[in-house]
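Peer 1: Supplied in structure tokens, the structure appears directly below.
The values are calculated or read from the model by the stated rules, or taken from the named source; none is laboratory data. If you're wondering where the values come from, they're calculated on a predicted model, not measured in any experiment. So basically every Cβ, Gly included, is an ideal-geometry build from the backbone, and we count neighbours across all protein chains shown.
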Amino acid sequence: MADTTYTILDRINSPADIKGFSMDELRTLCQEIRQYMIECCAVNPGHLGPSLGAVELVVGLHYVFDAPEDKIVFDVGHQAYAHKIITGRREAFKLNRTKDGISGFPKRSESEFDAFGVGHSSTSVSAALGFAEAAKLQGQKRKSIALIGDGSLTGGLAFEGLNNAGASKTDILVILNDNNISIDRNVGAVHNYLLRMTTNPRYNKAKKHIWDRLGDNWFRKMIQKIVVTTKSHLVSGSGGHLFQAMGFRYFGPIDGNDIAQVIDALNRLKELGGPLLLHALTKKGKGYAPAEANQTVWHAPGAFDPETGERIKTDTTVSRYQDVFGEVLLDLAGKNDKIVGITPAMASGCGMNMLAKAMPERFYDVGIEEEHAVTFAAGLAAGGMKPFCNIYSSFSQRAYDQIIHDVALQELPVVICLDRGGLVGEDGATHHGCYDMSIYRSIPGAVIAAPKDEIELKDMMYSAMLSATGPYIIRYPRGYGEGVDWKGHEYAEIEAGKGEKLMDGSKVAVICAGPSANRALEAASELGAETGENPSVYNIRYIKPLDTELIDQICAGHTAIITVEDGTVMGGLHGAVAEYVSAKHPFVKVVPVGIPDRYIAQGTQEELREECGLTKGQLKATIRKEM
């Protein structure tokens with residue numbers, strides 16, 4: 001990381017340090033924050049694009065309001081890097097998202113300036129309203145502000161919060177950071193509504209006429225303020241009706257990347273009461289040409305050269321699980337015209353962008369609407385289609401009721417593919433897919449599959465297409481697979497509830513779910529070579545229905561079972577096996593290895609596996625102990 005000297009940023013240790021700054025100093029500060037974020041994220045990758053676009057909004061908020069007394073609540077947290085940098089964590093930001101470093105998201109235990117912890121979208125309005133009501137009940141004068149992106153505004157929870165806040169008449173300021181994109185390009189009626197507001201033909205016709213006449217000079221820059229005011233009148237008069245109908249006073253839109261406009265608007269709104277909404281237009285990736293040019297890629301670009309913008313790619317021929325999913329889904333859709341794909345704003349992240357490009361009429365990006373995605377898939381299934389609904393594991397938790405009520409109870413064949421199952425790495429506790437096996441195992445009629453490699457993912461998707469009669473859940477990890485030849489493998493149906501033996505042995509049986517089976521097999525092989533005594537290793541494949549016939553055979557020939565899973569041991573594979581064994585084979589010991597009953601912070605996937613006892617060396621030690 002370059003050791004750059006910053007004329008202003010190096011002097012900032014808290015928001016109090018910027019209170020007396022001139023407008024020129026604030027502009028310089030914003031430039032330096034951007035440069036600092038670029039330098040840090042080039043080494044420790046993070047959510048760069050959205051934070052670059054929100055710098056002026058964050059600086060303006062801290063300039064006008066008095067955090068932590070005033071409560072600034074971020075949505076998701078992708079916009080919060082500037083906030084972290086100017087609230088006493090400038091040096092700590094160099095280790096952002098690393099093990100034992102600071103979180104990539106606002107976190108209450110990390111700083112008094114992080115009013116509310118976030119990671120999933122659409123929570124900010126509800127939380128800020130809670131702060132506002134708490135202040136009112138306690139006779140406090142503090143302000144409550146929610147900073148929400150237009151992508152997060154598609155989430156149902158955001159509208160629930162807006163609806164309640166508008167009706168309550170409580171003092172709350174909602175800032176809509178409108179950059180026309182979340183991770184992928186935004187979709188839906190709300191997006192189209194905001195787009196119409198900001199592309200009002202009367203405003204744009206006037207703007208073009210004035211700009212053409214003025215040319216690019218100092219007078220044009222001076223007159224911009226007049227035109228922005230005109231824009232506010234034209235657009236708010238015809239386009240702010242949605243928010244006004246919900247009980248908010250609507251202001252804007254303003255240029256959210258102009259610090260002078262931001263501060264002027266916030267100062268004017270600071271003294272007003274009741275529910276207020278400020279509409280700010282920003283550019284995702286602002287100030288860094290590569291990030292502005294390709295906003296989807298630079299949402300979270302990985303490591304890169306800050307000078308050239310060249311991304312540093314991993315040199316591997318091994319496929320990522322998301323790419324396997326994407327290619328297999330597209331292939332299956334070509335063979336079966338009933339197959340459709342649904343994702344809540346994660347098309348590129350889960351690999352469904354391949355289907356979107358090749359068969360757009362059979363692809364649905366519903367926006368950040370996990371609950372709707374599942375019920376929409378249920379409707380498609382009830383209508384005779386075969387929907388594949390892909391949701392990140394941790395995000396799927398929001399759709400738990402829909403999976404039960406709308407899919408399972410009605411026995412509708414919906415294939416739910418949970419990407420990012422297990423330990424995801426640097427995003428930390430809010431994003432680990434720890435709980436899927438545990439929470440969905442309780443649903444009657446559900447099938448829960450955990451492929452050990454790319455071939456099994458391919459075959460389980462094929463099997464789901466053929467035999468799903470209710471929620472058919474396939475969970476697999478983030479990142480690269482095992483390097484097996486899945487493209488050359490012909491489809492094979494795997495019967496739900498049937499596991500397989502990977503290694504024959506005695507005394508101790510290791511039962512695995514997911515790719516941990518590969519590490520367990522390596523550990524057992526090494527231990528057998530060292531001691532001459534092998535444990536048995538099994539790939540259970542399905543958490544539900546559980547292969548009880550296989551477990552009966554295991555218990556007949558072993559005195560101890562070790563369960564290994566990349567999920568919480570509370571209720572997951574260990575829960576399923578221990579429940580059955582305690583009832584049918586009470587003299588067989590069951591030892592759990594997996595994610596413990598606590599929250600796991602951020603770090604690399606390998607670092608976190610080590611923390612949870614899931615590395616090959618640790619598994620070998622656990623097996624040796626039981627042998």
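Peer 1: Under 26 Å from residue 271 (Cα atoms) and either at pLDDT below 95 or assigned by TED's automatic domain parsing to the domain that holds residue 168 (or both): which single residue out of 113, 105 fits that description? Lay out the reasoning, then the answer.
Peer 2: Numbers: 105 fails: under 26 Å from residue 271 (Cα atoms).
Only one candidate passes the filter, namely 113.
Peer 1: Ok, one more. More than 21 Å from the chain's Cα centre (by Cα) and in contact (Cβ under 8 Å) with a residue 24 or more places away in the chain: which single residue out of 345, 333 fits that description?
Peer 2: 333
Peer 1: Something else now. Would you mention how many residues in region 86-97 are of a type in the set (A, V, I, L, M, F, W, C) and over 15 Å from residue 107 (Cβ atoms)? Let's see the steps before the verdict.
Peer 2: As a first pass, look at region 86-97 and keep what is of a type in the set (A, V, I, L, M, F, W, C): 86, 92-93, 95.
Subsequent filtering for residues that are over 15 Å from residue 107 (Cβ atoms) retains 86.
Total satisfying the criteria: 1.
Peer 1: Inspect region 89-112 for any residue being buried (at least 20 other Cβ atoms within 10 Å of the Cβ), under 25 Å from residue 302 (Cα atoms), more than 21 Å from the chain's Cα centre (by Cα) and of a type outside the set (A, V, I, L, M) and give the result as yes or no.
Peer 2: Yes, there is a match, as at least one residue in region 89-112 is buried (at least 20 other Cβ atoms within 10 Å of the Cβ), under 25 Å from residue 302 (Cα atoms), more than 21 Å from the chain's Cα centre (by Cα) and of a type outside the set (A, V, I, L, M).
Peer 1: Among 490, 482, which is more than 28 Å from the chain's Cα centre (by Cα) and either outside any loop (DSSP other than H, G, I, E, B) or at pLDDT 95 or above (or both)?
Peer 2: That would be 490, the only listed residue that is more than 28 Å from the chain's Cα centre (by Cα) and either outside any loop (DSSP other than H, G, I, E, B) or at pLDDT 95 or above (or both).
Peer 1: For region 125-140, indicate whether the set of residues that are in a loop (DSSP other than H, G, I, E, B), in contact (Cβ under 8 Å) with a residue 60 or more places away in the chain and either in contact with a Lys or Arg (Cβ under 9 Å, 6 or more places away or on another chain) or crowded, with 24+ Cβ neighbours inside 10 Å (or both) is non-empty.
Peer 2: First, the residues of region 125-140 that are in a loop (DSSP other than H, G, I, E, B): 138-140.
Next, from what is left, pick out any that are in contact (Cβ under 8 Å) with a residue 60 or more places away in the chain: none.
Scanning region 125-140 turns up no residue that is in a loop (DSSP other than H, G, I, E, B), in contact (Cβ under 8 Å) with a residue 60 or more places away in the chain and either in contact with a Lys or Arg (Cβ under 9 Å, 6 or more places away or on another chain) or crowded, with 24+ Cβ neighbours inside 10 Å (or both).
Yes/no matrix, rows are residues, columns are (1) in contact with a strand residue (DSSP E or B) (Cβ under 7 Å, 6 or more places away or on another chain); (2) at pLDDT below 95; (3) over 23 Å from residue 488 (Cα atoms); (4) of a type in the set (Phe, Trp, Tyr):
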residue: 275; (1), (2), (3), (4): yes, no, yes, no
residue: 279; (1), (2), (3), (4): yes, no, yes, no
residue: 293; (1), (2), (3), (4): no, yes, yes, no
residue: 313; (1), (2), (3), (4): no, yes, yes, no
residue: 322; (1), (2), (3), (4): yes, no, no, no
residue: 330; (1), (2), (3), (4): no, no, no, no
residue: 350; (1), (2), (3), (4): yes, no, no, no
residue: 355; (1), (2), (3), (4): yes, no, no, no
residue: 361; (1), (2), (3), (4): no, no, yes, no
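Peer 1: Right, here's the next one. If you scan region 325-353, which residues turn out to be in contact with a Ser or Thr (Cβ under 8 Å, 6 or more places away or on another chain) and part of a loop (DSSP other than H, G, I, E, B)? Write out each step before concluding.
Peer 2: Kept after step one, since they are in contact with a Ser or Thr (Cβ under 8 Å, 6 or more places away or on another chain), are these residues of region 325-353: 345, 348, 350, 352.
Those that are in contact with a Ser or Thr (Cβ under 8 Å, 6 or more places away or on another chain) and part of a loop (DSSP other than H, G, I, E, B): 345, 352.
Peer 1: Test residue 63 against the stated conditions and say whether it is crowded, with 24+ Cβ neighbours inside 10 Å and either touching a residue at least 40 places away in the same chain (Cβ under 8 Å) or not assigned by TED's automatic domain parsing to the domain that holds residue 173 (or both).
Peer 2: Numbers: crowded, with 24+ Cβ neighbours inside 10 Å: no; either touching a residue at least 40 places away in the same chain (Cβ under 8 Å) or not assigned by TED's automatic domain parsing to the domain that holds residue 173 (or both): yes.
So residue 63 fails the test.
Peer 1: Return yes when residue 5 is farther than 23 Å from residue 255 by Cβ, of a type outside the set (D, E, K, R) and buried (at least 23 other Cβ atoms within 10 Å of the Cβ) and no when it is not.
Peer 2: Values: farther than 23 Å from residue 255 by Cβ: yes; of a type outside the set (D, E, K, R): yes; buried (at least 23 other Cβ atoms within 10 Å of the Cβ): no.
In short, no.
Peer 1: I've got another one for you. Which condition number does residue 158 fail, the rest of (1) under 18 Å from residue 79 (Cβ atoms); (2) free of Cβ contacts under 8 Å to residues at least 24 places away in the same chain being met?
Peer 2: Among (1) under 18 Å from residue 79 (Cβ atoms); (2) free of Cβ contacts under 8 Å to residues at least 24 places away in the same chain, residue 158 violates only (2).
Peer 1: Got a sec? Which of 548, 563 is among the hydroxyl-bearing types (Ser, Thr, Tyr) and either in contact with a strand residue (DSSP E or B) (Cβ under 6 Å, 6 or more places away or on another chain) or buried (at least 24 other Cβ atoms within 10 Å of the Cβ) (or both)?
Peer 2: Details: 548 fails: either in contact with a strand residue (DSSP E or B) (Cβ under 6 Å, 6 or more places away or on another chain) or buried (at least 24 other Cβ atoms within 10 Å of the Cβ) (or both).
So the residue among 548, 563 that is among the hydroxyl-bearing types (Ser, Thr, Tyr) and either in contact with a strand residue (DSSP E or B) (Cβ under 6 Å, 6 or more places away or on another chain) or buried (at least 24 other Cβ atoms within 10 Å of the Cβ) (or both) is 563.
Peer 1: Moving on to the next point. Could you check region 8-34 and list, in sequence order, the residues that are in contact (Cβ under 8 Å) with a residue 40 or more places away in the chain, surrounded by 17 or more Cβ atoms within 10 Å (Cβ to Cβ) and in contact with a Ser or Thr (Cβ under 7 Å, 6 or more places away or on another chain)?
Peer 2: Result: 15, single match.
Peer 1: Collect the residues in region 428-446 that are farther than 15 Å from residue 396 by Cβ and buried (at least 22 other Cβ atoms within 10 Å of the Cβ), keeping them in residue-number order.
Peer 2: The initial filter retains those residues of region 428-446 that are farther than 15 Å from residue 396 by Cβ, namely 428-429, 444-445.
428, the sole residue that qualifies.
Rundown of residues vs (1) touching a residue at least 24 places away in the same chain (Cβ under 8 Å); (2) assigned to a loop (DSSP other than H, G, I, E, B), yes/no style:
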site	(1), (2)
279	yes, no
284	yes, yes
287	yes, yes
290	no, no
298	yes, no
306	yes, yes
313	no, yes
323	yes, no
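Peer 1: Kindly list the number of the only condition in (1) of a type outside the set (Val, Ile, Thr); (2) in contact (Cβ under 8 Å) with a residue 60 or more places away in the chain; (3) part of a loop (DSSP other than H, G, I, E, B) that fails for residue 107.
Peer 2: With (1) of a type outside the set (Val, Ile, Thr); (2) in contact (Cβ under 8 Å) with a residue 60 or more places away in the chain; (3) part of a loop (DSSP other than H, G, I, E, B) applied to residue 107, the lone miss is (2).
Peer 1: A further question follows. What is the residue count in region 511-535 for residues that are modelled with pLDDT of 95 or more and either hydroxyl-bearing (Ser, Thr, Tyr) or under 38 Å from the mean Cα position of the chain (by Cα) (or both)?
Peer 2: Matching residues across region 511-535 total 16.
Peer 1: Continuing with this model, one more query. Could you please let me know if residue 334 is outside the structural domain of residue 46 (by TED's automatic domain parsing), closer than 18 Å to residue 461 by Cα and surrounded by fewer than 20 Cβ atoms within 10 Å (Cβ to Cβ)?
Peer 2: Spelling it out, residue 334 is indeed outside the structural domain of residue 46 (by TED's automatic domain parsing), closer than 18 Å to residue 461 by Cα and surrounded by fewer than 20 Cβ atoms within 10 Å (Cβ to Cβ).
Peer 1: A follow-up question, please. Could you tell me whether residue 317 is more than 21 Å from residue 467 (Cβ to Cβ) and in contact with a strand residue (DSSP E or B) (Cβ under 8 Å, 6 or more places away or on another chain)? Walk me through it before giving the result.
Peer 2: On the way: more than 21 Å from residue 467 (Cβ to Cβ): yes; in contact with a strand residue (DSSP E or B) (Cβ under 8 Å, 6 or more places away or on another chain): no.
Spelling it out, it is not the case that residue 317 is more than 21 Å from residue 467 (Cβ to Cβ) and in contact with a strand residue (DSSP E or B) (Cβ under 8 Å, 6 or more places away or on another chain).
Peer 1: With (1) out of contact with any Lys or Arg (no Cβ under 9 Å at 6 or more places or on another chain); (2) under 26 Å from residue 242 (Cα atoms); (3) at pLDDT below 95 as the list, and residue 208 as the residue in question, which single condition is left unmet?
Peer 2: (2)
Peer 1: Give the number of residues within region 240-260 that are surrounded by 21 or more Cβ atoms within 10 Å (Cβ to Cβ) and of a type in the set (S, T, N, Q).
Peer 2: The qualifying residues number 1.
Peer 1: With the condition kept exactly as written, say whether any residue in region 457-469 is over 19 Å from residue 331 (Cβ atoms), crowded, with 20+ Cβ neighbours inside 10 Å and either modelled with pLDDT of 95 or more or not basic (Lys, Arg) (or both). Quick ask: steps written out before the conclusion?
Peer 2: From region 457-469, those over 19 Å from residue 331 (Cβ atoms) are 469; that's our starting set.
Remaining after also requiring crowded, with 20+ Cβ neighbours inside 10 Å: none.
There is no residue in region 457-469 that is over 19 Å from residue 331 (Cβ atoms), crowded, with 20+ Cβ neighbours inside 10 Å and either modelled with pLDDT of 95 or more or not basic (Lys, Arg) (or both).
Peer 1: Still on this structure, please answer the following. Looking only at region 510-520, filter to residues that are among the hydrophobic types (A, V, I, L, M, F, W, C) and touching a Lys or Arg at 6+ places or on another chain (Cβ under 9 Å); which one of those is surrounded by the most Cβ atoms within 10 Å (Cβ to Cβ)?
Peer 2: Of the residues in region 510-520, the ones among the hydrophobic types (A, V, I, L, M, F, W, C) are 510-513, 517, 520.
Still in the list and also touching a Lys or Arg at 6+ places or on another chain (Cβ under 9 Å): 512-513, 517, 520.
On the way: 512: 28, 513: 33, 517: 28, 520: 29.
My answer is 513.
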